[in-house]
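The values are calculated or read from the model by the stated rules, or taken from the named source; none is laboratory data. Everything numeric in this text was worked out from a predicted model, so none of it was measured. Cβ: placed from backbone, ideal geometry, glycine included. Neighbour counts: every protein chain shown. Heads up: the accessible areas ignore ligands, DNA and RNA and are worked out on the full protein's heavy atoms, side chains in. Shrake-Rupley method; radii C 1.70, N 1.55, O 1.52, S 1.80 Å.
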Amino acid sequence: AQSVTQLDSHVSVSEGTPVLLRCNYSSSYSPSLFWYVQHPNKGLQLLLKYTSAATLVKGINGFEAEFKKSETSFHLTKPSAHMSDAAEYFCVVSDRGFGNEKLTFGTGTRLTIIP
Amino acid sequence: GAGVSQSPRYKVAKRGQDVALRCDPISGHVSLFWYQQALGQGPEFLTYFQNEAQLDKSGLPSDRFFAERPEGSVSTLKIQRTQQEDSAVYLCASSFKDRGPTTEAFFGQGTRLTVV
């Protein structure tokens, strides 16, 4: 069975400071891992994905994440927060190895940016 | 179309009423998913289609929930005898299936169902 745990339900950072959103995963096979962002009244948008290639993954809007198998982690970072980054962020896992296409979402982290 | 389209965007149903939610995926996308997102929660898997075949319906919460994709494109999620606990945003996603790792799923904006 696959699962993800987002360690913080709410993170607040000042504009221009680094962002760290933490995620740990559990997977029975080689997982695919994703970060999605959800802005109010908008659809889910893919930020980045890990699919067993490079362990450091770069995404859109300056976000990146590092896959650490030994720690079963896939934390999302950004060097400098912008007001437009305020949104809900979801860490997502998929056990594609079993032919199972479904995505399992974490409970989300709400990111607030302080001006 | 350019993206995944869902209709209606908002639906208010009286308890006990049947509802039908429509999803129009991105043209050419083989895989189609339905998710349910309760207020303040992450989306939860309901069901998965590959073309017209429903390969996984393990997430459907009860036999009141039924999904179909008869021609392998548009899909409908039907909820019979709606209950208050069915109130949620229902998300549809589609992806292009290949032999590689899981490909990106593109999500629609969802249908917000409120049962009163």
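Out of A:K78, A:K69, A:K49, one residue alone is farther than 25 Å from A:I114 by Cα and touching a Pro at 6+ places or on another chain (Cβ under 9 Å). It is A:K49. Looking only at region B:51-79, residues that are outside any loop (DSSP other than H, G, I, E, B) and either closer than 23 Å to A:A1 by Cβ or in contact (Cβ under 8 Å) with a residue 40 or more places away in the chain (or both) come to 10 in all. Of the residues screened, B:A20 is not one that is touching a residue at least 12 places away in the same chain (Cβ under 8 Å), buried (at least 18 other Cβ atoms within 10 Å of the Cβ) and small (G, A, S).
With respect to the conditions (1) open to solvent by 40 Å² or more (accessible area, probe 1.4 Å); (2) more than 16 Å from A:L21 (Cα to Cα); (3) not small (G, A, S), A:L103 falls short on a single one, namely (1). Looking at the structure I just gave you, is A:S80 in contact (Cβ under 8 Å) with a residue 12 or more places away in the chain, within 11 Å of another protein chain (Cβ to nearest Cβ) and outside any strand (DSSP E or B)? So A:S80 does not fit the description; no.
Conditions tested, residue by residue: (1) buried (at least 16 other Cβ atoms within 10 Å of the Cβ); (2) out of contact with any Leu (no Cβ under 9 Å at 6 or more places or on another chain); (3) closer than 27 Å to B:G110 by Cα; (4) hydroxyl-bearing (S, T, Y).
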| position | (1), (2), (3), (4) |
| --- | --- |
| A:Y25 | yes, no, yes, yes |
| A:Y29 | no, yes, no, yes |
| A:Y36 | yes, no, yes, yes |
| A:K42 | no, yes, yes, no |
| A:I60 | no, no, yes, no |
| A:K78 | yes, no, no, no |
| A:A81 | yes, no, no, no |
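Criterion first (in contact with a helix residue (DSSP H, G or I) (Cβ under 6 Å, 6 or more places away or on another chain), on the phi < 0 side of the Ramachandran plot, away from chain A (no Cβ under 14 Å) and touching a residue at least 40 places away in the same chain (Cβ under 8 Å)) does B:V115 satisfy it? Yes: the conditions hold for B:V115. Filtered by the rule that a residue be closer than 15 Å to A:L20 by Cβ and open to solvent by less than 50 Å² (accessible area, probe 1.4 Å), region A:65-74 gives A:A65, A:S73, A:F74. Within the span defined as region A:86-94, every residue fails to be open to solvent by 50 Å² or more (accessible area, probe 1.4 Å) and either part of a loop (DSSP other than H, G, I, E, B) or within 10 Å of chain B (Cβ to nearest Cβ) (or both).
When each of B:Y35, B:Y90, B:Y48 is tested for being at pLDDT below 95, assigned to a strand (DSSP E or B) and surrounded by 14 or more Cβ atoms within 10 Å (Cβ to Cβ), the lone residue that passes is B:Y48.
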